[in-house]
1. Looking at region 56-93, which of its residues are of a type outside the set (A, V, I, L, M) and outside any helix (DSSP H, G or I)?
2. Among the residues of region 253-266, are any surrounded by fewer than 19 Cβ atoms within 10 Å (Cβ to Cβ) and part of a helix (DSSP H, G or I)?
3. Among CYS277, CYS262, CYS309, which is the only one that is closer than 29 Å to ASN109 by Cβ and modelled with pLDDT under 80?
4. Within 21 Å of ARG253 (Cα to Cα), in contact (Cβ under 8 Å) with a residue 24 or more places away in the chain and of a type in the set (Gly, Ala, Ser), is that true of ALA293?
5. Within region 280-306, take every residue that is of a type in the set (Ser, Thr, Tyr) and closer than 29 Å to THR142 by Cβ and give me the one that is modelled with the lowest pLDDT.
6. Would you mind stating whether GLU125 is more than 14 Å from SER74 (Cβ to Cβ), touching a helix residue (DSSP H, G or I) at 6+ places or on another chain (Cβ under 7 Å) and in a helix (DSSP H, G or I)?
7. Looking only at region 162-180, filter to residues that are in a helix (DSSP H, G or I) and either surrounded by 14 or more Cβ atoms within 10 Å (Cβ to Cβ) or among the polar types (S, T, N, Q) (or both); which one of those is modelled with the lowest pLDDT?
8. Of the residues LEU239, LEU226, LEU230, which is buried (at least 17 other Cβ atoms within 10 Å of the Cβ), assigned by TED's automatic domain parsing to the domain that holds ILE34 and outside any helix (DSSP H, G or I)?
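The values are calculated or read from the model by the stated rules, or taken from the named source; none is laboratory data. Please read these numbers as outputs of a predicted model, since none were measured by experiment. Note that each Cβ is placed from the backbone with ideal geometry, even for glycine, and that neighbours are counted across all protein chains shown.
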Amino acid sequence: MEQRTLGKTGLKVTMLGFGGIPIQRVPGPEAHKIIETCIEEGINFFDTARAYTDSEEKIGRAIRGKRGKVVLASKSMVRSAEKMAAEIDDSLKALGTEYIDLYQCHNVNKEEELNQILAPQGAVEALLKAQQAGKIGHIGITSHRVEPLLAAMNTGAFATIQLPYNFIERSPEEEVLPVARELGLGIIVMKPLAGGAFAKPDLALKFFLDKQVSSIIPGIDSLAQLEQNLGVVRSGQPLDGEELEYLTLEAERIGERFCRRCEYCQPCPQGIEIARCLIFHSYFERYGLQELAIERYRMMKQASDCVECGLCESRCPYGLPIREMLKKVHRDMGLRG
């Protein structure tokens, strides 16, 4: 497995890492097997977060006795020093480790939030103290927006950045990535497969084989997914002309208004599984799987139960019009057959 240097941290991380969001949905024994197999296959970079329910615990159980083989990253969305200090301790306990290689200020999508974490008594103050105490190794930042990332990189406070980047979301190529490389920052790519939007995820993964990033962290919730990802990365073959044309056409069909399955919109007060509704709708609308999509959708609490409180939209880092999208889901799938 190819390893790359994670910027100025000096850490050696595998080009293919492990994104810890989907493992929340996987039963404990199965999750353990997936993570254990990742390590056996040479993957050493694992990214999780306090917000990912039991993701830290599942990773922690699976790496017992193997801590020296993995580079651990976690993160928190709290903004004050007091709360961040508590979050770091909670992460250490959940992961069952004495130190975390990289701890990140998570989901910093506005410059006001950046100013907040950098201010006296802000989250970075707690991270620096934790670093001095040996609880964490390095400090990073994650964001879904270009502007706060550019501002954050120029502060010198962070050793790494984590951002969404895939064949659809290409804007980082113009501004963020060149600056990060110039400053020697580690580049961690979230949503490399656009949250599962592509019909051929193997091609979306091949897109990264010749890209200058430190690690990509697709979510993995099955051994089949892991096997496919490993096959692509080990092939070392970037996209050929025909594959590039296919992805270009598919990206045009998908557009930019789609669910990335980050699930930050959850939980819904009405119990609607928003991300699953939107993903099943993509099966229905884009991939010709109407019967399967409708069958799965009918087994769920349906989008028609939405009371339009707007809480989901306030949480969505991509600013999606979720209420409008849920109405379309039910129009298309809820009233058929």
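1. Within region 56-93, the subset of a type outside the set (A, V, I, L, M) is 56-58, 60-61, 64-69, 74-76, 79-80, 82-83, 87, 89-91, 93.
Scanning region 56-93 gives ARG64, GLY65, LYS66, SER74, LYS75, SER76, ARG79, SER80.
2. yes
3. CYS262
4. On the way: within 21 Å of ARG253 (Cα to Cα): yes; in contact (Cβ under 8 Å) with a residue 24 or more places away in the chain: yes; of a type in the set (Gly, Ala, Ser): yes.
Against the criterion (within 21 Å of ARG253 (Cα to Cα), in contact (Cβ under 8 Å) with a residue 24 or more places away in the chain and of a type in the set (Gly, Ala, Ser)), ALA293 qualifies.
5. The extreme case among them is TYR283.
6. Considered against the rule, which asks whether it is more than 14 Å from SER74 (Cβ to Cβ), touching a helix residue (DSSP H, G or I) at 6+ places or on another chain (Cβ under 7 Å) and in a helix (DSSP H, G or I), GLU125 comes out as yes.
7. Residues of region 162-180 in a helix (DSSP H, G or I): 171-173, 176-180.
Checking which are either surrounded by 14 or more Cβ atoms within 10 Å (Cβ to Cβ) or among the polar types (S, T, N, Q) (or both) leaves us with 171-172, 176-177, 179-180.
Details: SER171: 87, PRO172: 91, VAL176: 95, LEU177: 96, VAL179: 96, ALA180: 97.
Once the filter is applied, the top-ranked residue is SER171.
8. Working: LEU226 fails: outside any helix (DSSP H, G or I); LEU230 fails: outside any helix (DSSP H, G or I).
Answer to the check: LEU239.
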